[in-house]
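The values are calculated or read from the model by the stated rules, or taken from the named source; none is laboratory data. Predicted model only: the values in this text are computed from it and were never measured. Positions of Cβ are backbone-derived with ideal geometry, glycine not excepted, and every protein chain shown enters the neighbour counts.
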Amino acid sequence: MKINIAMRAALFACATSIAAVSVHAAEITGAGSTFGTPIYSKWAEAYKKVSGNSLNYQSIGSGGGIAQINANTVTFGASDMPLTPTDLAAHDLVQFPTVIGGAIPAVNIPGIGAGGITLDGVTLAHIYLGKITKWNAPAIAKLNPGVKLPDLDIVVVHRADGSGTTFIWTSYLSKVSPTFKKNVGVNTAVQWPVGIGAKGNEGVANNVANTKGAIGYVEYAYVTQNHMAYAKMINKDGKVVEPSAAAFQASAAGVDWAKSDHYYVILTNQAGAATWPISGATFILMHGKPKDKAASAEALKFFDWSYHNGGQIAKDLFYVMLPSSTVKQIEATWQKEIATK
Amino acid sequence: MANYAIDVPNQSPSAPASRAEALRRFRFGDQLFRRTTKASALLVLLIMVGIIISLIVGAWPALHTFGLGFIFSASWNPVTEQFGALASIYGTIITSAFAMLLAVPVGLGIAIFLTEICPYWLRRPVGIAIELLAGIPSIIYGIWGLFVFVPFVQTTVQPAIIALFAPIPLLNQLFAGPAYGIGLMTAAFILAIMVLPFITAISRDVFLTVPTVLKEAAFGIGCTRWEVVRSVVIPYTRVGLIGGIMLGLGRALGETMAVTFVIGNAARISPSLLAPGTTISATIANEFSEAFGATYLSSLIALGLILFVITFIVLAMSRLLLMRIESTRAK
């Protein structure tokens, strides 16, 4: 059942070298996460050039991705929310992370630029619970000595559509605030006690940009591309950190994935001095005993190629690659748990 | 063709046979035509019944779990899987009602102007502009609403409204701040703009059906233009007008994309019209793709079923209204 590593490496080398003359152009099908869509499509485009194999990825949302892989209509499903080991076992699924992203609190406060304000988890949770309603509230002022905070209402902006970003955000707030955990909880969509809901990252970004006193969470790419003002965060180690690719990666580096239970790891609020506390990975789901073994083997080849050659593409799209130690572990998992022969 | 069937026997000696055959052929054609049209009509019914059944089947788990409480609970919590439709129903009805309140007088006003007062050279351009307005896809209204209209409302309209109504007891609750720009009122504004062309175009068309004789007679006995419109044109076209307004209301109730952009998408019931809210169709559109779990999905389908029922009630009510008008006219 297992493929020998050397053989697999040889196979892979073969596949890449004879790509140009490859006659059997297999099609890999996948569906799910909208967060992962840009990177999966760009990887697929590049991979097709070297292997001749194409990926048909449908961006239907994580919920849809899980349903599709359970129904066995696709080779892999993609979800922003890791499944619990129990759920995985129930449907004979194996999951592994692909890329890391982070959620950033973007703000619109007159006189405050990028990184001009610092927040910690509890304060952020209280803002999203509606307990802190003014920018000059004592809790915020205490974290920002010397910063001139205006007497301005806080306008909370959140995602209206179900989203992996919301999952990361609520997961973080729940970890740092028991009240948030009890009253709101963790999910891709939650019942927000305050604020306005906007559709998609672009909707949140736009609402924050247009509304004085607004705070909203968006993916990293939106902050950098739109030059938005954002808040720095105090992480679990008590250090003030700026959001950056390195800081997201740091949150994954500290995790011992080998000890994790089927990669059921949520990267929020991880220890480490350089760690951005609101980071998260997006996941791929595949059957352990797939019906179409050849297609699954092709899909794994695609992800293998992407892990090793997709770094630049990921960087261009503001995603962060997994540390190479993690990739090694994932590839070992494939050997062990996914029967492609 | 019918003449041919009758004429043939008079000209030909072998009349009876060919006449019978011709008649049979026509009967066959008639039958075929009748069956085809009947099948088309039945197909609509079949699709309708199919949709209702699939909605009920899809909604059953949620309705079974929450019972009647589904309609009366305002909690929409995907985490604890406690779902209730009240906030969405409230938002749907408030925005649509407010939109009609704005669009009906303006739409009728435009239609009256176009048919009674407007100089001839201006009628066509204004008429075409209104029809074009009806043809704009709703997503465009949404984007325009979010990027152009919302900032304007937030910085100009809402602060003025909040300041205006602040000293008046009940109204200051209805128009309470803060000015988000986004919210129920903005959604109603956008909806009003969207349904305006429907109401205008239909009322204009029905106003044009009023016989000139009637209007001239009214003018002849000294009626002012307003009296002619009020006492002749509108009573004469009542049925058509109600039809147009109901069509507009139907569109307002089901409108999704434009509303999603500007309503704020918060499953809460607030007394203020400026507060964010949500509608049934906006909730479904936002959450369907990422809805984990059977109860969640089923609750969204149940929302769809409720929208279906609301639309049905609106339609039934307009029928009832028409029937009452007919019966009072008969007396």
Completion exercise
Of (1) more than 10 Å from every other protein chain (Cβ to nearest Cβ); (2) within 22 Å of A:GLY238 (Cβ to Cβ), A:SER174 fails just (1)
Handout entry: Matching option when the condition is crowded, with 22+ Cβ neighbours inside 10 Å, touching a Leu at 6+ places or on another chain (Cβ under 9 Å) and at negative phi, among A:ILE140, A:ILE112, A:ILE104
Key = A:ILE140
Practice task
Looking only at the stretch B:246-258, decide whether some residue is aliphatic (A, V, I, L, M) and touching a Gly at 6+ places or on another chain (Cβ under 7 Å).
Solution key: yes
Handout entry: Residue check for A:TRP169: within 28 Å of A:GLY111 (Cβ to Cβ), of a type in the set (Phe, Trp, Tyr), under 24 Å from the mean Cα position of the chain (by Cα) and within 11 Å of chain B (Cβ to nearest Cβ)
Key = no
Practice task
Return yes when A:THR98 is modelled with pLDDT of 90 or more, surrounded by 19 or more Cβ atoms within 10 Å (Cβ to Cβ) and closer than 26 Å to A:MET321 by Cα and no when it is not.
Solution key: yes
Exercise for the section: Evaluate the stretch A:179-201: report whether one residue or more is under 27 Å from A:VAL99 (Cα atoms) and either in contact with a His (Cβ under 6 Å, 6 or more places away or on another chain) or in the same structural domain as A:GLY61 (by TED's automatic domain parsing) (or both). Expected result: yes
Handout entry: B:GLY264 modelled with pLDDT under 90 and under 28 Å from B:LEU171 (Cβ atoms)
Key = yes
Problem - Which listed residue is within 16 Å of the chain's Cα centre (by Cα) and in a loop (DSSP other than H, G, I, E, B), from A:LEU267, A:LEU285 - result: A:LEU267
Exercise for the section: Specify the residue that is farthest from the other protein chains (Cβ to nearest Cβ); the eligible residues are those in the stretch B:230-245 that are buried (at least 21 other Cβ atoms within 10 Å of the Cβ) and under 18 Å from the mean Cα position of the chain (by Cα). Expected result: B:LEU241
Exercise for the section: Output the residues belonging to the stretch A:51-69 that are out of contact with any Leu (no Cβ under 8 Å at 6 or more places or on another chain), surrounded by 15 or more Cβ atoms within 10 Å (Cβ to Cβ) and at pLDDT 90 or above. Expected result: A:LEU55, A:TYR57
Problem - Pair list, Cβ under 7 Å, 6 or more apart: the stretch A:313-341 residue among the basic types (Lys, Arg), other residue surrounded by 14 or more Cβ atoms within 10 Å (Cβ to Cβ) - result: A:LYS341/A:ILE3; A:LYS341/A:LYS293
Practice task
Could you list, in sequence order, all residues of the stretch B:220-241 that are modelled with pLDDT of 90 or more and among the β-branched types (Val, Ile, Thr)?
Solution key: B:ILE221, B:THR224, B:VAL228, B:VAL229, B:VAL232, B:VAL233, B:ILE234, B:THR237
Handout entry: Any chance A:ASP161 is outside any helix (DSSP H, G or I), of a type outside the set (Ser, Thr, Tyr) and either surrounded by fewer than 17 Cβ atoms within 10 Å (Cβ to Cβ) or more than 9 Å from every other protein chain (Cβ to nearest Cβ) (or both)
Key = no
Fill in the blank from the handout: Scanning the stretch A:39-82 residue by residue, the ones that are on the phi > 0 side of the Ramachandran plot and either without any contact (Cβ under 8 Å) to a residue 40 or more places away in the chain or within 14 Å of another protein chain (Cβ to nearest Cβ) (or both) total 2
Completion exercise
Residues of the stretch B:285-307 being within 11 Å of another protein chain (Cβ to nearest Cβ), of a type outside the set (S, T, N, Q) and under 22 Å from the mean Cα position of the chain (by Cα), in sequence order, are B:ALA285, B:LEU300
Practice task
Go through the stretch A:144-154 and give me each residue that's more than 14 Å from every other protein chain (Cβ to nearest Cβ) and surrounded by 18 or more Cβ atoms within 10 Å (Cβ to Cβ).
Solution key: A:ASN144
Practice task
Only residues that are within 19 Å of A:LYS336 (Cα to Cα), part of a loop (DSSP other than H, G, I, E, B) and either in contact with a Gly (Cβ under 8 Å, 6 or more places away or on another chain) or not assigned by TED's automatic domain parsing to the domain that holds A:ALA332 (or both): list them for the stretch A:79-96, please.
Solution key: A:ASP92
Problem - Index of the failed condition, A:GLY146 passing every other in (1) in a loop (DSSP other than H, G, I, E, B); (2) more than 18 Å from the chain's Cα centre (by Cα); (3) at negative phi - result: (3)
Handout entry: Contacts under 8 angstrom Cβ, first residue in the stretch B:78-91 being closer than 19 Å to B:PHE292 by Cβ, partner of a type in the set (Phe, Trp, Tyr) and surrounded by fewer than 17 Cβ atoms within 10 Å (Cβ to Cβ), 6 or more apart
Key = B:GLY84/B:PHE72
Practice task
Kindly check whether there is at least one residue in the stretch A:298-315 that is charged (D, E, K, R), in the same structural domain as A:LEU88 (by TED's automatic domain parsing) and within 18 Å of the chain's Cα centre (by Cα).
Solution key: yes
Fill in the blank from the handout: In the stretch A:84-95, residues that are in contact with a strand residue (DSSP E or B) (Cβ under 9 Å, 6 or more places away or on another chain) and either buried (at least 19 other Cβ atoms within 10 Å of the Cβ) or in contact (Cβ under 8 Å) with a residue 12 or more places away in the chain (or both) total 6
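Let's see how each residue does on (1) free of Cβ contacts under 8 Å to residues at least 60 places away in the same chain; (2) surrounded by fewer than 22 Cβ atoms within 10 Å (Cβ to Cβ); (3) in the same structural domain as B:ILE93 (by TED's automatic domain parsing); (4) polar (S, T, N, Q):
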site	(1), (2), (3), (4)
B:LYS215	yes, yes, yes, no
B:LEU249	no, no, yes, no
B:GLY254	yes, yes, yes, no
B:MET257	no, yes, yes, no
B:ILE263	no, no, yes, no
B:MET323	yes, yes, yes, no
